[in-house]
Every structure is written in C-alpha cells, then in structure tokens.
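The values are calculated or read from the model by the stated rules, or taken from the named source; none is laboratory data. As the structure is a computational prediction, the values presented were derived from the model and not from experiment. Backbone-built Cβ (ideal geometry, glycine too); neighbour counts: all protein chains shown. These accessible areas exclude ligands, DNA and RNA; they are computed on the full protein's heavy atoms, side chains included. Shrake-Rupley method; radii C 1.70, N 1.55, O 1.52, S 1.80 Å.
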Amino acid sequence: MRARELGRKSVVVGDRVGLVGDTSGAPGALARIVRIAERRSVLRRTAEDDATTAEGRLERVVVANADQLVIVSALADPPPRTGFIDRCLVAAYDADIEPLLCLTKADLAGPEAVLGYYTELELPYVLIRPDSDLAALRALLAGRVSVMVGHSGVGKSTLVNRLVPEADRAVGTVSAIGRGRHTSTSAVALGLPPHPQGDPGSAQSAPGWIIDTPGVRSFGLAHVSAESLLHGFPDLVEATVDCPANCQHTAEEADCALDAWVAAGKADPRRLASYRRLLASRSGEGDAREPERNPGDPLAGS
C-alpha cells in the first residue's frame, strides 16, 4: 500500500522506499510505503517524439536507480534496427546510465554490420547464441542494477529465463513477417544468482538485479532536449565546435559543420542521418508510425 501523504507521487520499479508495518513477507502481511528515496537515475520514454502532441507530453518512467541499460537486439529474425538502438543510447546518456549492447541470435547472422555502425563509439557489447554459457554477460551484470529493453521477438524473455531460471517469463514467437509478439506485459525486477567467479565481498561478486521490461515498438524522446539529443551521438559532438552560433544542425543549415565532418570520413553518414531524423521527429516532421527506422539503412529491417 502507498501512504496517503505521498499523494499522486508514483512508485516505479527500482525505487528505494521506506516501509512501515509488517515487513516479514509472510502470507497476509501488510505494509505501507511511506517514503520514496531520491532517485540517482531515471530512465524515461514517451510514446512519441513531438512534445506538442498528447502522446509526446505523456512521459513514462521506465525504471529508477538503474546503473546500466542493456539494449537487446537480434541479429536476425527480426533484423536489427539501428535507429531503435540509437534512441535507446540517447535515453541512456540522458539518464546518465551506461549502455550495453546485447546482440542475440548470433547463430543466425554475424555482428559485423551492427558493430561497424557503432565502431566510433566503442560501445560495449556481448554476443548471445542459444548455446552460449552467458559468462561474459553475467560478469557485466554482477553487482549492478540493469534494465533490459528491446523489441518483441528479439529473445529478451528467453535470455531473462536463462539468467534467472525461476523467473518463468512468458516467451513468444516471431511471426512470418519478422515481427515479435508482446509477451512481457509489465516491468519486473529479478535478483540474479551470485556470480561464481567474483571474489567474496567484492562489488563484482554481488548478485545484482535485472529489470525486464515489456517489448516496445518505439522509444519516444520528447522529454530529451535538442542539446541532450546530440550527446547520444558522441561521434558527432566534436564536429559541432566548428558550427556557427545557434546552429540547429539540420540539413537546411548551410554552414553546419556536421556535413563536412562526415564527408571527411570522420563519422558514418548513417549516424548523421539518424541524428537529423530524431531532430526532425521532435518537431513533428518525422514518421510517428516507425520512428525507429533509419531511411536507407540496410540494418533497419522491414
């Protein structure tokens, strides 16, 4: 129960709270939440990018107090969408949460195209196959609160069940047209088993938590300012030093230094296209139906 004094203040997965009452956890026990501790990080998203719409103004807190955002993307069936990954990276950097790219179904396709797209970011990643022992992933999750996000059908719930066998998260299938079915319907925090290779008493030997979230079709960024949006593209930031004052960095800005930066081979042109697409969508000019796609990106999927 939530104390009346908290009013409409919502409690989300990951919150640290103060309780009064019977905290034994026994059947029939009843306690009240009387305090919500200050959040050290907040991961947010909106249904749309455009803050002038009702969906864009409706800000959803995905999770509180996470240390790491695990972006789960399949390498095939369904194909990877770098536009969606870009959005998750923007949200992670805006929330001051470290990103980790988790590429599943590595038995069906190689990671070269996806990793090549992010080569300038030195983005940490793990490859997951059906027969993987998950040791590398467990080491990265140990002692941390990690929230997992991804499209439906990428194998996120299957991965959660392998990490926490007693979780029993519902697992769906991918349709013939490469779209996953939504199987997880709510965010759930799950305690990880202790990491077997950690030193007793060290931070890395602590079990840690993973927070499984429902599969999403889009990750709206209306809550992120245009300036913060650029921080999701660290490979482009240095170029803006040579931009004129008040440059909007759009394709219409004749003196924007980003075009010359890309032309000189210092960044992938698809990264600039993705950034400008997000800029356009914030002003209501993007395609709200498929905001995660990068036009012309062979990794975008169908």
Probe 1.4 Å, accessible area per residue of the stretch 1-105, Å²: 49 Å²
Gain on full stretching of the segment that runs from Thr240 to Arg16 - 0.36 nm per residue minus C-alpha separation: 76.7 nm
Inter-probe distance in nm under a simple model that places probes 7 Å from Cα toward Cβ, at Asp168 and Ala3: 3.5 nm
His231 versus Cys247: modelled label distance in nm, points set 7 Å from Cα along the beta carbon direction: 2.0 nm
Percent RCO, i.e. relative contact order, over the stretch 98-151, from Cα pairs under 8 Å lying at least 6 residues apart: 41 percent
Local net charge near Ala92, Cβ-Cβ under 13 Å (Lys/Arg +1, Asp/Glu -1): -2
Accessible surface of the stretch 36-123, 1.4 Å probe, proportion on carbon and sulfur as whole %: 44 percent
Nitroxide proxy distance, nm - points 7 Å out along Cα→Cβ at Asp77 and Thr23: 4.8 nm
